[in-house]
Structure formats: structure tokens, C-alpha cells
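Step one of this worksheet: look at the structure below.
The values are calculated or read from the model by the stated rules, or taken from the named source; none is laboratory data. The structure displayed is predicted, hence computed values, not measured ones. Here the Cβ positions follow ideal geometry from the backbone for every residue, glycine too, while neighbour counts run over all protein chains shown.
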Amino acid sequence: MELITYEHKAHYYETDQMGIIHHSNYIRWFEEARVYLMEALGVGYDVTEEKGIISPVLGIECEFKSMTHFNDVLEIIATVGEYTGIKLTVNYVIRDKKTKEIRCTGTSKHCFMSKDNKILSLKRSFPELHEMFTNYKKICDENPII
């Protein structure tokens, strides 16, 4: 299995007055890539929510490297940075599809909880999901992007 890459074409409405993508959109793109990653791994949010699992965002970081403009086609690579069975850190690299120039890097931190807001251990409660995250983390560790 390879790293999962999400593609996004920058829209005009995402630009600011200077014709550059507004910084707030990068966080949205992180979420789009994370949702795409989860679906590609077979555990989309529809699946986890059916199982009674929620995964709130605990924190998010974003560092801009170069500007993105209208119509740029981007690759957003979301990888598993840390995974404990209870907490998950997703790392993001957004780069220009054609030039591979990095536009932005970032992370989002999440935990797993039951719908009644109790901390949930995937390792204990959902071993098949735990194994999936563990296996993809190994792939991510073996294929660093930057």
C-alpha cells in the first residue's frame, strides 16, 4: 500500500483580495484530506459514527511555506504521525501537483470517544480499527514525505 493522496484544485472563492488562497482554507483542506484518508482506509466517518465512535479535534497547527493561487492543483498527503489507540495525530503536506513545491505543512490531533463522551481505546474496543491505523502508520513511517 502507498501513501494516500488527496487532490484539490484551488477555487476562485478561496482567494483573498491579493489573488492568493486565504489562510483559513488550509485547515478545511486538512479536513478534506483526513476524511478522504479515513474513507480510503475503509473507516470513513459514517462507519465510525455507526460504531458509536467520535473523534474530536484536540488541536491543529499549520505552517505556510509558499503561496497557493487560484487554479493551482494541489496534492494533500495525510499521514499518521502518532497513534496510541486513544489519540491520533495526522500530519499533512500540501504541495503543488506539478512542481511538488510545498505550500503548507501541518498537523491535527484527535482522540477517540464514545457518543456519551467517554474516552475510547480502539485497541480494546475495536481491534480491527486499531490494526488498520497501526498498519498505515508503519507505511507512513517507511515513506517520509519531507
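Where in the stretch 1-113 are there strands (runs of 3 or more DSSP E), lying fully within it, with 2 or more residues that are touching a Phe, Trp or Tyr at 6+ places or on another chain (Cβ under 6 Å) and either among the aliphatic types (A, V, I, L, M) or without any contact (Cβ under 8 Å) to a residue 40 or more places away in the chain (or both)?
Details: elements: 5-9, 57-64, 73-83, 87-96, 102-111.
Qualifying strands (runs of 3 or more DSSP E): 73-83.
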Inset, instruction - Identify, by number, the condition in (1) in contact with a Lys or Arg (Cβ under 8 Å, 6 or more places away or on another chain); (2) part of a loop (DSSP other than H, G, I, E, B); (3) not charged (D, E, K, R) that Ile146 doesn't meet. - result: (1)
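Among the candidates Thr48, Thr134, which residue alone is at pLDDT 95 or above and not aromatic (Phe, Trp, Tyr)?
Numbers: Thr48 fails: at pLDDT 95 or above.
Only one candidate qualifies: Thr134.
Within the stretch 87-101, track down each residue that is β-branched (Val, Ile, Thr) and surrounded by fewer than 16 Cβ atoms within 10 Å (Cβ to Cβ). Working first, answer last.
Pass one, the stretch 87-101, residues β-branched (Val, Ile, Thr): 89-90, 93-94, 99.
Correct list: Thr99 only.
Quick check on the stretch 114-123. Is at least one of its residues under 17 Å from Met1 (Cβ atoms), at pLDDT 95 or above and not polar (S, T, N, Q)? Walk me through it before giving the result.
Taking the stretch 114-123 and keeping what is under 17 Å from Met1 (Cβ atoms), we get none.
No; the residues of the stretch 114-123 include none that is under 17 Å from Met1 (Cβ atoms), at pLDDT 95 or above and not polar (S, T, N, Q).
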Inset, instruction - State which residue is farthest from Phe112 (Cα to Cα) when the search covers only the stretch 55-86 and only residues that are under 15 Å from the mean Cα position of the chain (by Cα) and surrounded by fewer than 15 Cβ atoms within 10 Å (Cβ to Cβ). - result: Glu63
